[in-house]
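Below: one structure, written as structure tokens.
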Amino acid sequence: MFARKLSVKRVDVAGERHPCPVRLIDNFAMRNFTNDAIFDDTLPAGDGLLEAGHRVPLDRLQPAMEDWFRRKGYLQAGEAAGGF
């Protein structure tokens, strides 16, 4: 649907990368949770997959997802989301 297809990885404390579960990506992509219109053009497409429109700033997407995942308790100390 959207022009950019992104890979979203979850990096555990051992430094291993795993596809981020779609339920976490979906939770972030729902505007009523993030309340940030700039990320409206995102669509979870499966585990580790996110589609995004051209107006979504990738430099803001990763930090926003990490912040959201930490606030929801999806990422623990030493873990990170990354991989765009």
Mind checking which residues of segment 15-30 are loosely packed, with under 13 Cβ neighbours inside 10 Å and either in contact (Cβ under 8 Å) with a residue 60 or more places away in the chain or of a type in the set (Lys, Arg) (or both)?
ARG23
Which of the residues belonging to segment 47-63 are open to solvent by 20 Å² or more (accessible area, probe 1.4 Å) and farther than 22 Å from GLU79 by Cβ?
GLU51, HIS54, ARG55, PRO57
Does any residue in segment 67-82 that is farther than 12 Å from ILE25 by Cβ come within less than 6 Å, Cβ to Cβ, of a residue that is open to solvent by 50 Å² or more (accessible area, probe 1.4 Å) and in a strand (DSSP E or B) six or more places away or on a different chain, and which pairs are these?
GLY82/LYS9
Given (1) at pLDDT 90 or above; (2) in a strand (DSSP E or B), where does ARG23 come up short, assuming only one miss?
(2)
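For every residue, the table says whether it meets (1) acidic (Asp, Glu); (2) part of a helix (DSSP H, G or I); (3) touching an Asp or Glu at 6+ places or on another chain (Cβ under 9 Å); (4) exposed (fewer than 14 other Cβ atoms within 10 Å of the Cβ).
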residue	(1), (2), (3), (4)
LEU6	no, no, yes, no
VAL13	no, no, yes, yes
ALA45	no, no, yes, no
MET65	no, yes, no, no
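The values are calculated or read from the model by the stated rules, or taken from the named source; none is laboratory data. Computed from a predicted structure; not experimentally measured. Neighbour counts are summed over all protein chains in view; Cβ atoms, including those assigned to glycine, are modelled from backbone coordinates with ideal geometry. What goes into the accessible areas is simple: the full protein's heavy atoms, side chains included, and nothing from ligands, DNA or RNA. Shrake-Rupley method; radii C 1.70, N 1.55, O 1.52, S 1.80 Å.
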